1. For region 203-229, name all the residues that are surrounded by fewer than 18 Cβ atoms within 10 Å (Cβ to Cβ) and closer than 17 Å to Asn47 by Cα.
2. Just give me the residues in region 246-278 being part of a loop (DSSP other than H, G, I, E, B) and open to solvent by less than 70 Å² (accessible area, probe 1.4 Å), in sequence order.
3. Got a sec? Which of Ala134, Ala243 is part of a helix (DSSP H, G or I), in contact (Cβ under 8 Å) with a residue 40 or more places away in the chain, out of contact with any His (no Cβ under 9 Å at 6 or more places or on another chain) and not charged (D, E, K, R)?
4. Give me the residue from region 176-191 that is of a type in the set (Gly, Ala, Ser) and open to solvent by 10 Å² or more (accessible area, probe 1.4 Å) and, out of that set, farthest from the ligand (Cβ to nearest atom).
5. In region 337-369, what count of residues is obtained for those that are exposed (fewer than 14 other Cβ atoms within 10 Å of the Cβ) and either within 19 Å of the chain's Cα centre (by Cα) or in a helix (DSSP H, G or I) (or both)?
6. Give the residues of region 192-213 that are touching a helix residue (DSSP H, G or I) at 6+ places or on another chain (Cβ under 8 Å) and more than 12 Å from the ligand (Cβ to nearest atom), sorted by residue number.
7. Quick one: in region 4-52, of everything that is under 30 Å from Leu264 (Cβ atoms) and among the hydroxyl-bearing types (Ser, Thr, Tyr), which residue is nearest to the ligand (Cβ to nearest atom)?
8. Select, from Ser313, Ser281, the only residue that is closer than 14 Å to Glu145 by Cα and in contact with a helix residue (DSSP H, G or I) (Cβ under 6 Å, 6 or more places away or on another chain).
Amino acid sequence: MIYFDHNATTPLDNRVLEAMLPFLSTFYGNPSSLYRQGRLVRSAIDNAREQIATLVDAPASQIIFTSGGTEANNLALATLVPHGKLAISSTEHPSISECAVSLQKKNIKLSHINVDSQGLINKATLDQLIIDQADLVSIMLANNETGVIQDLTTITQQLRANNVKVHTDAVQALGKIPVSFKQLAVHLMSLSSHKIYGPKGCGALIYEKGLKINPILIGGGQEHEHRAGTENVAAIVGFGKAAELAKTELFERSAQLLSLRLQLEVELKTIPNLSIFAEDSERLPNTVLFGMPEIDGEMLLMKLDQKGYAISSGSACASGGKEPSPALIAMGVESTLAKSAIRISLGIGNTQKEISNFIQLLKVLVYQA
Ligand code: PLP
């Protein structure tokens, strides 16, 4: 299989697996137990917290481990309950957009922030949010489908100056570009382990000191009473190790990914009528979303699958559905072109040869269609 779907998930790094294994066998103690094995397991969790804190330049004490990015996003938005005004960008992952809609039943007022044709936040709508006195704004740092990176530092400065709290979903940015909680100056940030070669089912919410967290899971003192339940120790240790590796290898990884992405884009552009979405925006070094009018994206993906390529049409949750991606529609992309969208998300195991072979095959399939 040629795997081109790293924004859906990444393979587990062997070094991460090695770090996890003792916590799936020998060290099975409960981290809340006071005897020696419990304490040892507790210190492994603390170490993972430090590793993640180092990667994102945040205080370790402000990190809450969760079951993944989805839970972190839900927990972030729950800080608004019992009432408040929430604004989200119109290209958010469903773990924000659908959660936000469900919060409307709980006295939360919701509005959407438009993006332009390049997927970037429209500055005028930001001003409107300030006028409307939003309490919390959620803007993803990098989009899972287009890879578009927002200029969040500038946005946060403006919102902070007007007492608006900011959450960012940094799930896709993590491990691909430098992410600094301190520099972005956000109040809340969500992360996920399985997008950075760590295990699935583990993530984190980072919060600014003093911000009140409303726990979703109640019934235990874990995570400073912010998230009850016995910790998923092996996964947390794996997430920590994946974060450590992402920190030490970040520049090498992103340079390698960018050179592959550029190779891919140059070759894609030789196909007539092909458009790369948000081409003019700063994008993740690993992500290309493209479309071709007259081409049925789902059909093409099925043919590529038969030839051994794992590629998605957009976000993992949206693929398989007939509806065009809401992110592309928000960018004003015409519906048939949006339905043809194919996302290639590269990873550190991909090679130049895989890309040139893919392009050769793609051309054959497109010209046959
Ligand atoms: N946010 C973004 C931008 C994502 O791409 C994803 C996963 O695809 C999530 C959140 C959810 O993360 P998890 O799978 O860890 O729940």
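1. Within region 203-229, His224 is the sole residue that qualifies.
2. Passing the criteria: Ile271, Leu274, Phe277, Ala278.
3. Among Ala134, Ala243, only Ala243 is part of a helix (DSSP H, G or I), in contact (Cβ under 8 Å) with a residue 40 or more places away in the chain, out of contact with any His (no Cβ under 9 Å at 6 or more places or on another chain) and not charged (D, E, K, R).
4. Filtering first and then ranking leaves Ala185.
5. Within region 337-369, residues that are exposed (fewer than 14 other Cβ atoms within 10 Å of the Cβ) and either within 19 Å of the chain's Cα centre (by Cα) or in a helix (DSSP H, G or I) (or both) number 7.
6. Tyr197, Ile206, Tyr207, Glu208, Lys209, Leu211, Lys212, Ile213
7. Thr9
8. Result of the check over Ser313, Ser281: Ser313.
The values are calculated or read from the model by the stated rules, or taken from the named source; none is laboratory data. All values reported here derive from a predicted model rather than from experimental measurement. With ideal geometry, Cβ positions are generated from the backbone for all residues, glycine too; neighbour counts draw on all protein chains shown. Heavy atoms of the whole protein, side chains included, go into the accessibility calculation; ligands, DNA and RNA do not. Shrake-Rupley method; radii C 1.70, N 1.55, O 1.52, S 1.80 Å.
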